[in-house]
1. Got a sec? Which strands (runs of 3 or more DSSP E) wholly within region C:56-146 have at least 2 residues that are open to solvent by less than 20 Å² (accessible area, probe 1.4 Å) and away from ligand 4 (no atom under 14 Å from the Cβ)?
2. Inside region A:388-415, can you point out the residues that are in a helix (DSSP H, G or I) and touching a Pro at 6+ places or on another chain (Cβ under 9 Å)?
3. Quick check on this structure: which one of B:Arg309, B:Arg317 is within 14 Å of another protein chain (Cβ to nearest Cβ), within 30 Å of B:Leu148 (Cβ to Cβ) and not in a helix (DSSP H, G or I)?
4. Mind checking which pairs have a first residue in region C:86-100 that is more than 9 Å from every other protein chain (Cβ to nearest Cβ) and a second that is among the β-branched types (Val, Ile, Thr), Cβ under 9 Å, 6 or more apart or different chains?
5. Could you look through region A:84-124, keep only residues that are β-branched (Val, Ile, Thr) and surrounded by 15 or more Cβ atoms within 10 Å (Cβ to Cβ), and pick out the one that is farthest from C:Lys96 (Cα to Cα)?
6. So which residues in region A:208-253 are open to solvent by less than 10 Å² (accessible area, probe 1.4 Å), within 16 Å of ligand 2 (Cβ to nearest atom) and away from chain C (no Cβ under 12 Å)?
7. Check region A:1-21 and report whether any residue there is more than 21 Å from A:Ser161 (Cα to Cα), away from ligand 3 (no atom under 16 Å from the Cβ) and small (Gly, Ala, Ser).
8. Could you list, in sequence order, all residues of region B:9-50 that are open to solvent by 60 Å² or more (accessible area, probe 1.4 Å), away from chain C (no Cβ under 13 Å) and not in a helix (DSSP H, G or I)?
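The values are calculated or read from the model by the stated rules, or taken from the named source; none is laboratory data. Here the structure is a predicted model, which is why all the values come from computation and not from measurement. Glycine also receives a Cβ, built like all others from the backbone with ideal geometry; neighbour counts cover every protein chain displayed. The protein model used for the area step is the full one, side chains on, heavy atoms only, and it has no ligands, DNA or RNA in it. Shrake-Rupley method; radii C 1.70, N 1.55, O 1.52, S 1.80 Å.
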Amino acid sequence: MPFIKIDEKEFEVAKGITVLQAALANGIEIPHYCFHPVLEVVGSCRMCLVQVEGMPKLQASCNTSIGEVALDKKLDGKYDMVVNTQTDAVKQERKNILEFLLLNHPLDCPVCDQAGECYLQDYTFKYGNAHSRFKEEKRVRPSESLGSNIVINQDRCILCSRCVRFTREISGTNELFVQNRGYHSKVSILKDKPLENLMAGNVADICPVGALLNTDYIHKNRFWNLDTIPSVCQDCSAGCNVDVFSQRDEIFRLTPRENHDVNGYFMCDIGRYGFHRFEEIERVNQPLVRNGKSFDVIDWAEAIQKTADLIEQSNGKTAGIVSPFHTNESNFLLGLMINGMLGMLPAIQAEEITYPSGFRISADRSPNQRGMNNICGGLAEDLSSEIKTQAIRGLYILDDGVDRELDDAWKEILAKMDFLIVQSYAMTDLAKLAHIVLPGLAPYEREGTITNDQDRIQWLRPSLSIKAESKPDWEILMLVNNALNKKAENFTGLDDVIIKMGEQFPNYSGITLFKIATQGIALNGKKM
Amino acid sequence: MDLLGFIIILVKVLVVFAATMITVMGMIYAERRVSAFMQGRLGPNRVGPKGLLQPIADGIKFFMKEDLIPSGADKPIFILAPAILLIPALMTFAVIPFGSSITIFGREIALQVADVNVGILYILALTSIGVYGIVLAGWSSNSKYSLLGGLRSSAQLISYELAMGLAVVSIILLAGSLRLNDIIADQQGYFLSWNVFKQPLAFIIFLVAVYAETNRLPFDLTEAEQELVGGYHTEYSSLKFAMFFLAEYANMITAAALTVTLFFGGWDVPLLDESSLGLLGAILSVLSFILKMAFFLFLFIWVRWTFPRFRYDQLMRLGWKVLLPLALVNIFLTGGYLTLTAMK
Amino acid sequence: MATIIKSYEPTFWDKLYFPALLKGLMVTIKHFFRQKVTIQYPDERHIPPDGYRGLHRLNKYPDERIKCVACEMCAAACPSNCISIIPGPSPWDDGKERYPVRFDINLLRCIYCGFCEMACPEGAIELTEIYDFSNYSRDDLVIDKDGLLGVYELTKKQNYYTKKSHSPASLPFKTERT
Ligand code: SF4
Ligand code: SF4
Ligand code: SF4
Ligand code: SF4
Ligand code: FES
């Protein structure tokens, strides 16, 4: 293992890694643009120059790997390499590079959506000059649309080529390339091949400046106004980790969150723009009870009591319908409450997509099918026949608000039921048939755990406030359960439910939200 | 006394009372305007022309306010106290000659309500009664601030009454009479015959003592708002408070009139023989009296907005260790001088 | 190095107090005759000096385009957090792609520090000389974009208070009691 020194800090590093990686891993900042941990190193921006002892010129740290040297060649008798990131030459060189980058840069930060999270701003502030010596007119080039969701502002581009390498190496779709040479270089597409792939949104994230922008977020808000909540994407079973950015109870964007066990650095566009689905839904946020063709609003205590009465009167002939979109806790509590049988709402399936980099969009487009199966022992395989054989009279449906066409078998089942209790946040087709509608929480409002298709349990965190009288789904189920069975447990929080879940399903034992944290826990070969 | 004499007295009483009341209102207005002017402001100038009706507005305000009596207060005394203060303050004016005399229907009418031959003693006696009003108000309010204000006031008045009395004694020695008319007569003639020139030390002592007697700044420790909220009248509101207010200003007017009488020749117009001019002389004398008094009233306000308040120990030291000895020395000097001149 | 300051020893003259008292009386009487500083507000109005920090305004270019580009620097600089902006793509085609769809300032929270003015990269927000904009309800004291542009119209040419018609009724607020 090479033993190196960077700025008076000494440490051992793995053989073959670069100086930049070693520095970043040990908390030493070296400014850089073109380097990205998962992209090929090109060393084109020259921002990361450092001084390596024994080398006549400054070296690009992203492109200088560390090796072991013979004993007699070691510096000071012990170091394999000695690096300085703070010499006057390095500082001057950073100034020069930044001055070059800013020559034709419009510096229109006031209208630039990257402002606040822009590396050009940050580095110029930290390492650059306060004034420009460039007196001439700046070059102005028009913005161009690269695809349906991405625009490029050519003026702001610093030609780091991260985006180009992304389409080559990560998505493998090769849409972007650098056109022309020298002063005329620009990132471009071929006319007949726009940037249309399901990973396109990521180029706006990896662009270190405000050149590539998501049309979805453009001119919507300011970075520093937004609250960031680490959560999990809810559009497929891969369970990509995301940051949810919201302000004043409105979600503005989703960005991928680094998690090497799940999604790496990226996410797909289905999930990225998926949150818009929930913006204009017909919400249910008060308990409703059927009155002829319409509904009456009732209060919670009454609604819970009515629900419990219906289930009790059916004498064990109530089936629970869980959903692959709901959290483990809600599904589990429904299982706990129903002593008849459990069925599930149809899962959503689509084609599985895998990219050359290994990034995967799961065929199972319901986020929690695995979790639901894990914690609902004995789901009915063939719902309609089992309902017939067990003479089920009522259904308690944990509805997920997903638009799905119910097939004839389902319609037949629903038509035969004496009563239908639907717990839902939206006025879905199912809810319209219900006798009692209990208002639960929408995605991004609800909290809980979900398990992805690799058996990793992750923490779903809420970004939006609870609307009107709605209650968390687990709480509604607990209340109904308590009304049914006076001896039933009273959970004070989600962690209590998870502990109870662990008691019944050993896979889930010992888990708490705190332990799941931002990175999740793999259930198979759990390491605590 | 015949009926006409009675009516004349009645008219005089009414005139004096009304004049005092109008002066009080004028003083309230003047106090606010003068203080404002001295501070570079304009003061009340909205109610009536130049704000002249402001005192009336203030009066109406006092009327409209709720009259509160604190629950622990000694009710009869609490109600009586303002009157005890106000009535002597108004009564004092009775013996002060505010002009020479006029002759109507062949009768010579002195411009004075009552010509008492112990006028000075009468005035000193009445001012002492006023203290009871303050002390009782302080005591009956059942409030620590009021009580402290009342106590301070009694101590202060006793201290300064001595000095004041002794300063007046030297005047009495000169005039040889306790009658105010005699004292005025003694000062008739030209400027230098006024007592202020004959007895400058007595004048200064008297002036300082008068400020203390009327509880005006720089001796307003009885109502030092920074320490005692409102002093003895903290718990008073509405008309009862207005009575204290009136009494304070009535006292000032009396004090100014007394100063004029004792030291500035009363209604004397210098270098003029008023009695020989008949009615004109009488009018001139009244005008001269009013003018002199107005100056001292202005001085009251002027001093108030110029000097800071004394500390209580300073107040006591000044009274007992400076003014009292000085007044005594002054009496000896006057007495000595008089004996010497009498021996010649 | 400590300096020894000799305390002032009062002379006999000083101890008499009277000269000092007379001096004091002279001071107050001088003020008595001095020019008064009171401005009789509703009848006369104080004309604030340049740089006075009163009601805000949003400036426009001569061609009616709002100068503001909704960068929210003012909102970020505001110590009392009273500016709230909703940006949007600008309807003008002049290279500045952003403009404020809504621009609200809570005048009750504002402390008139002028930081917003200093932070603004476009010279769009400015504090004007208008100081008497009291109102009957809290809601009416949240000024919106139209209000701010209205203030600009009122103040762009001339000091608001040197105009002939400068009654508060001309302010872009509701001023009747509701
Ligand atoms: S890319 Fe960065 S530096 Fe350039 S305008 Fe945008 S925020 Fe400013
Ligand atoms: S668009 Fe962004 S990521 Fe692409 S080359 Fe330019 S600066 Fe780099
Ligand atoms: S003047 Fe100060 S407090 Fe008021 S809006 Fe501007 S920055 Fe905020
Ligand atoms: S007023 Fe100025 S600082 Fe505020 S958003 Fe507009 S341009 Fe930016
Ligand atoms: S990061 Fe090293 S050259 Fe760009």
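1. Counting at least 2 such residues, we get no strands (runs of 3 or more DSSP E) at all.
2. A:Trp410 - this is the single residue of region A:388-415 that is in a helix (DSSP H, G or I) and touching a Pro at 6+ places or on another chain (Cβ under 9 Å).
3. After applying the criteria, what remains is B:Arg309.
4. Listed by first residue and then by second, the contacts come to C:Trp92/C:Ile66; C:Pro100/C:Ile66; C:Pro100/C:Val69; C:Pro100/C:Ile85; C:Pro100/C:Ile86.
5. My answer is A:Thr85.
6. A:Pro208, A:Val209, A:Ala211, A:Leu212, listed by residue number.
7. Scanning region A:1-21 turns up at least one residue that is more than 21 Å from A:Ser161 (Cα to Cα), away from ligand 3 (no atom under 16 Å from the Cβ) and small (Gly, Ala, Ser).
8. The answer is none; no residue qualifies.
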